[in-house]
Amino acid sequence: MIYLVSHFYLPLGNPPASRMGHLARILVERYGRDNARVVTGRPNYPEGRLPPEYRWRLFRRTVGPAGEDIAHLYEIATPFQGFRRKTVGYLSFAVSVFFYFLFRRLAPSDLILVTSGPVFPAYAVYFLSRLKRHLRYAVDVRDLSPQTVPGMGFMNRESALYRALKRLSDRTYRRAVKTVGVVPGICEYLNAVAAPRKAALIYNPVDTREVRPLPEQDVRAFRQEHSEIFGDPGRTVFLYAGLHSPHLDLMTLLKALTHVKAETSAFVFVLIGHGEETPALKRFAAENGLAPNVCFLNHMPREQLVRYMNAADFCYFGARADPVFDIAVAVKAIEYLACGKFVVTAHGGAFPEGLRERKLGLISPPSDPGALARNLIALIREPGPYLGSRGDSRRFILERFSLKEFEKRYLTIFEDLVPPPRQPLASPQPAAG
């Protein structure tokens, strides 16, 4: 049996849910639906509200879109806002993971793959491996914890708690039979703290059949339908889609827009999403006269989000100035590029520099509103040269971040760790969730 442990899972559309959803489908097709199980929490992201069928239940079984068996464990439902409240939800799910596997009979050939972050379920599996010596686990590391926490402004790197959590994380990686990093910088760290060459690089994939450039007639129709945003052909439309979280530094963006507004009002910036910074961002926009040029929209289904990405002229992503964020590859940036968009960013590190070299984006240093404003003004005043990158952006994603590449790399790992099925298995038909 292969167990995929992820706090978030489909039908949620956030990065860990999408990544594990793709992997579950791959494993069901390779090993059969009786040999792959997803262990996840009760769906309550992002508002912290449980669907009626999950209330007053400690455990629930469902079937996923690829026919995978899903075990929904108890967690305290909390809104995805505020470090403390989110941590309560993470910890409660980790405790449930510990007891779920503690009382489960595991064969020596079984494998638990836990995605991190949040890192707490990986800690639970690590402690279980100390009790059950034959338990084997691998860790899919999406971000380094606790290293990301100080970058978000919630912990001091010199504190005793930070040092203790970092030691625990390093032990968790060392004891794993395999680690997977989503960017080269994470793999370099994992190979340094564990055995060399134990880590494999597998980028976050994007479903390029779903996230894609839409036909021009569909884009025109969508713009006409939302004429309050896209109706003025003299305005350049920018888009950001994602969390409104402190480490993504959207306040730098709004400060940059005050500089832009002083030069020109021929733009509108659409921010799609939510988070703990949303009230402060809306307040700043209102107090600084940005309301006519800044539009806030709530979290929306992926299909609708793809329409907005296609309708916008340019897309934005950014992050605070911190080494742990410099190694990241923003999932939102991958999706923008998959839609054929030219991007503008306030972000450090190798990935933005690679976009600059390929002429797929305008890059400014993190936390520098003036530099970001200059790039935005350049796009507003002369957008034409940058609107022709559609094919190049899409091609870049197909080469590195496609589902095909993701499947090939992950199957290579599982062929080394899990015995092959006794006979070829037919691909199952998708089942209703």
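Here, each number is a calculation from the coordinates, and none is a lab measurement. Predicted, not measured: the structure shown is a model, and the values here were computed from it. Glycine gets a Cβ as well: all are built from the backbone with ideal geometry, and neighbour counts include every protein chain shown.
Looking at the chain, which longest stretch skips every one of the chymotrypsin sites (Phe, Trp or Tyr not before Pro) that is in a DSSP loop with at most 11 other Cβ atoms within 10 Å, leaving the sites themselves out?
Working: sites that count: W56, F103.
Result for the longest clean stretch: 104-433.
Please compute, for the alpha-carbon atoms of the range 216-397, the extent along each of the three principal axes and give them in descending order in Å.
So the three principal-axis extents are 43, 41, 33 Å.
With the cut-off at 26 Å, report for the range 1-137 the share of all Cα pairs above it, as a whole percent. Don't skip to the answer; put the middle values down first.
Details: 1623 of 9316 pairs.
Tail of P(r) above 26 Å: 17 percent of Cα pairs.
Where the centroid of each part is defined by its Cα atoms, how far is the range 8-27 from the range 161-176 in Å?
26 Å
Straight-line reach only, C-alpha to C-alpha below 17 angstrom: list the aspartates and glutamates that K282 could link to, leaving out same-chain residues fewer than 8 apart.
D249
What order do you get for C295, C315 when you list them from fewest to most C-beta neighbours inside 10 Å? Show your work: numbers first, answer last.
Working: C295 17, C315 26.
Listing C295, C315 from fewest to most nearby Cβ atoms yields C295, C315.
Loop-only trypsin sites (Lys or Arg not before Pro) in the range 196-231, please: DSSP not H, G, I, E or B, and at most 14 other Cβ atoms within 10 Å.
Taking the range 196-231 and a limit of 14 other Cβ atoms within 10 Å, the loop trypsin sites (Lys or Arg not before Pro) found are R197, R209.
What's the longest piece of the chain with no exposed GluC sites (Glu not before Pro), counting a site as exposed if DSSP puts it in a loop and it has at most 14 other beta carbons within 10 Å?
Longest stretch, sites excluded: 211-433.
So what is the 222 nm mean residue ellipticity for the chain from helices alone, if each DSSP H run of at least 4 adds -39500 (n - 2.57) and you divide by all residues, rounding to the nearest 500 deg cm²/dmol?
-13000 deg cm²/dmol
Counting Lys and Arg as +1 and Asp and Glu as -1, what is the net charge of the other residues whose Cβ lies under 10 Å from the Cβ of R130? Please list the in-between numbers first.
Working: positive: K132, R133, R171, R175; negative: none.
It works out to a net charge of +4.
Can you give the alpha-carbon Rg of the range 104-262 over 2.2 N^0.38 Å, where N counts its residues?
Rg over 2.2 N^0.38 Å, computed on Cα atoms: 1.46.
About the Cα centre, and with charges only on the beta carbon of Lys, Arg (+1) and Asp, Glu (-1), how big is the dipole of the range 216-397? Nearest 20 debye, please.
260 debye
Can you sort T172, T78 so the residue with the fewest Cβ neighbours within 10 Å comes first?
Working: T172 26, T78 19.
The most exposed by this proxy come first: T78, T172.
Mind jotting down the three principal axis lengths of the range 291-429 based on Cα atoms? Whole angstrom, largest first.
62, 33, 29
Across the range 47-54, in residue order, what do the Karplus-derived ³J(HN,Hα) couplings come to in whole Hz, using 6.51 cos²θ - 1.76 cosθ + 1.60 with θ = phi - 60° and x for Gly and Pro?
With the stated coefficients, the range 47-54 comes to 7, x, 10, 8, x, x, 6, 9 Hz.
Once fully extended, how much extra length lies between E216 and H134, figured as 0.36 nm per residue of separation less the alpha-carbon to alpha-carbon distance?
Once the chain is fully extended between E216 and H134, it gains 23.9 nm.
Please give the charge dipole size of the chain, origin at the Cα centre, charges +1 on K and R Cβ atoms and -1 on D and E Cβ atoms. Round to the nearest 20 debye. If you can, show how the numbers build up before the last one.
Working: 58 positive and 40 negative charges, 311 e Å.
Dipole about the Cα centre, nearest 20: 1500 debye.
Out of A192, F284, I2, whose Cα points farthest toward the positive end of the dipole of the chain (charges: +1 Lys, Arg; -1 Asp, Glu; placed on Cβ)?
Of the listed residues, the answer is I2.
Of K198/K404; K86/K359; K166/K255, which pairs sit farther than 27 Å apart, going by alpha carbon to alpha carbon?
On the way: K198/K404 23 Å; K86/K359 38 Å; K166/K255 34 Å.
Table pairs above 27 Å Cα-Cα are K86/K359; K166/K255.
Regarding the chain, what are the three Cα extents along the principal axes, ordered largest first, in Å?
Result, largest extent first: 66, 51, 46 Å.
Between the helical axis of 302-311 and the dominant principal axis of the chain, each derived from Cα atoms, what acute angle in degrees is found, rounded to the nearest 10?
Compared with the principal axis, the helix lies near 30 degrees.
Roughly how many Å is it from the Cα centre of the range 59-113 to that of the range 297-365, as a whole number?
Their Cα centres are 31 Å away from one another.
What shape does the range 219-285 have by the C-alpha gyration tensor, where a ≥ b ≥ c are the square roots of the eigenvalues, rounded means a/c under 1.5, and otherwise prolate means a/b greater than b/c and oblate the rest?
Note, shape of the range 219-285 comes out oblate.
If we count other beta carbons within 10 Å of each Cβ, what is the order of S367, S116, fewest first?
Working: S367 18, S116 26.
If I rank by nearby Cβ atoms, fewest first, I get S367, S116.
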